[in-house]
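To start, the structure itself, in structure tokens.
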Amino acid sequence: MKARRLLLVDDDEAYLSSLQEALEAYGYRVLVAESRDQAAAILDRDGIHAALVDLSLMGRGDEDGLEVIRRVKTTDPQVPAVLITAYGGPEIAQRAADAGADRYLEKPISVRQVIELLGDFGLTPEADEDG
């Protein structure tokens, strides 16, 4: 069995590091990116099983996370993509759905929430040999 590969995209290095560490403790392989460009490079290089993406990247207040969601879905429409944001609301939720996000979560989120969410997608830590 191989570990499931998760892409985490967030420009908050401390948050990214703590979530990465926690998910790796559960047995997932976690690939991290702090920007849209880093995420694109990972998507070009590595196959992933799911993506968790912050809406606002690189502290600019823009919505690069929506572009990352679109890229994930263009690369493989079957890969679950989740938009995470501290700036939620119905308009953002709709824009996330329009970009192809399978789910939308408002920060703060717990590791338990992420594990349950991955379980909802059928993504236990280990993949089949062909995954």
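The values are calculated or read from the model by the stated rules, or taken from the named source; none is laboratory data. Here the structure is a predicted model, which is why all the values come from computation and not from measurement. Here the Cβ positions follow ideal geometry from the backbone for every residue, glycine too, while neighbour counts run over all protein chains shown.
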### Summary
Screening V114, V82 for residues that are of a type outside the set (G, A, S), crowded, with 17+ Cβ neighbours inside 10 Å and touching an Asp or Glu at 6+ places or on another chain (Cβ under 7 Å) leaves only V82
## Note on the structure
Pairs returned, first residue in segment 41-54 that is farther than 15 Å from G65 by Cα, second residue that is in a strand (DSSP E or B) and of a type in the set (D, E, K, R), beta-carbon separation under 6 angstrom, 6 or more apart or interchain, are I48/R5; H49/R5
### Task
Could you grab the pairs with beta carbons closer than 9 Å, sequence gap of 6+ or different chains, first residue in segment 96-122 and under 14 Å from V72 (Cβ atoms) and modelled with pLDDT of 95 or more, second one of a type in the set (S, T, N, Q) and exposed (fewer than 14 other Cβ atoms within 10 Å of the Cβ)?
G100/T74
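I'd like the residue in segment 4-33 that is part of a loop (DSSP other than H, G, I, E, B) and touching a Pro at 6+ places or on another chain (Cβ under 9 Å) and, out of all such residues, is surrounded by the fewest Cβ atoms within 10 Å (Cβ to Cβ). Let's see the steps before the verdict.
Of the residues in segment 4-33, the ones part of a loop (DSSP other than H, G, I, E, B) are 4, 10-12, 26-28.
With touching a Pro at 6+ places or on another chain (Cβ under 9 Å) added as a condition, the list becomes 4, 26-28.
Numbers: R4: 22, Y26: 15, G27: 12, Y28: 25.
So, considering only residues that are part of a loop (DSSP other than H, G, I, E, B) and touching a Pro at 6+ places or on another chain (Cβ under 9 Å), the one surrounded by the fewest Cβ atoms within 10 Å (Cβ to Cβ) is G27.
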#### Entry: Leading residue by the ranking (farthest from G122 (Cα to Cα)) among those in segment 4-18 that are in contact with a strand residue (DSSP E or B) (Cβ under 6 Å, 6 or more places away or on another chain) and in contact (Cβ under 8 Å) with a residue 24 or more places away in the chain
D10
